[in-house]
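The values are calculated or read from the model by the stated rules, or taken from the named source; none is laboratory data. Remember, predicted model here, so these are calculated numbers, not experimental data. In this analysis, Cβ positions are derived from the backbone assuming ideal geometry, glycine residues included, and neighbour counts consider all displayed protein chains. All accessible areas refer to the heavy atoms of the entire protein, side chains included, with ligands and DNA or RNA removed. Shrake-Rupley method; radii C 1.70, N 1.55, O 1.52, S 1.80 Å.
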Amino acid sequence: MFTHRLATPADLDALRDVMARAIAELQRGFLDPAQIAASHAVMGLDTQLIADGTYFIVEAAAGDGGARIAGCGGWSHRATLYGGDHSADLRDPAPLDPAVDAARIRAMYTHPDFARRGVGRLVMALCEDAARAAGFRRAEMMATLAGEPLYRACGYAPIERIEAPGPGGARVPLIRMGKPLTGG
């Protein structure tokens, strides 16, 4: 059984650990080693999501009575489509207009120990519900190749494919995907 809550600044180190493990392990079979290494520079934690109160943590009960992060992800009412704190060239804090713009689904990661157990779908539902409640009628994201099957299963369709430049000349393939936020 999973529970969820909003992330706080106290979660930063644990979130960075989950993200690093997800990139390193879940991208295998989709990217070569150089692309996986470059992914660490292209993806990552955007603390603006935490400051905005739009970043969710899904937790699983741990054997010691505590909880461990099974996954995380958020949505944004800002123009940034993807990238973390370290990728300043990708960031645009401009506010979006829910009447014309798509909400951004951002920084979705599942801890490898919890892959394919519904964590990603739960995070997606939390994000879509919150974006819909804020008045957004559409959502977009920049998906990894490993995430594409989940996002397609959740109703997202490809809009465009890009290759994000990483260090050492490696290029990371990404897919901009979108979906109408109808119903609930």
Problem set entry | Three-way shape call for segment 1-70 based on the alpha-carbon gyration tensor, with the a/c threshold at 1.5 | oblate
Seminar exercise, completed: Counting only backbone N atoms under 16 Å from a point 7 Å out along Cα-to-Cβ of residue 85, the residues of segment 1-30 in range are 7-20
Problem set entry | Convex hull of segment 77-156 built on C-alpha atoms - directionally averaged projected area, nm² | 5.7 nm²
Seminar exercise, completed: For residue 87, the accessible surface traced by a 1.4 Å probe with all protein chains present amounts, in square angstrom to the nearest 10, to 10 Å²
For this session: Give the residues of segment 38-68 whose amide nitrogen is closer than 11 Å to a point set 7 Å from the Cα of residue 20 in the direction of its Cβ.
Result: none
Exercise. Rounded, prolate or oblate: which fits segment 47-116 when a ≥ b ≥ c are the square roots of the eigenvalues of the alpha-carbon gyration tensor, with rounded for a/c under 1.5 and prolate only if a/b beats b/c?
Worked result: prolate
Seminar exercise, completed: Spelling it out for residue 44: with amide H atoms placed in the peptide plane at 1.01 Å from N, the residues 5 or more places away or on another chain with amide H under 5 Å from its amide H are 83, 84
Problem set entry | Sorted peptide list for 43-50, 154-161, 129-136, criterion being average Cβ within 10 angstrom, highest first | 43-50, 129-136, 154-161
Exercise. So how much slack lies between residue 51 and residue 152, counting 0.36 nm per residue of separation and subtracting their Cα-Cα distance, in nm?
Worked result: 33.5 nm
Seminar exercise, completed: The percentage of the accessible area of segment 80-184 (probe 1.4 Å, all protein chains present) made up of carbon and sulfur atoms, to the nearest whole number, is 52 percent
For this session: Taking H placed 1.01 Å from N in the peptide plane, check which residues at least 5 places from residue 138 or on another chain put their amide H under 5 Å from its amide H.
Result: 103, 181
Exercise. What spacing in nm lies between the two simple spin-label points modelled at residue 94 and residue 145, each 7 Å away from Cα in the Cβ direction?
Worked result: 3.2 nm
Seminar exercise, completed: Beyond 24 Å, the calculated P(r) of the chain holds a percent of Cα-Cα pairs equal to 32 percent
Problem set entry | Relative contact order (%) - criterion: Cα under 8 Å, at least six apart; region: the chain | 22 percent
Problem set entry | Ranking by accessible area, most exposed first, for 32, 89 with a 1.4 Å probe | 89, 32
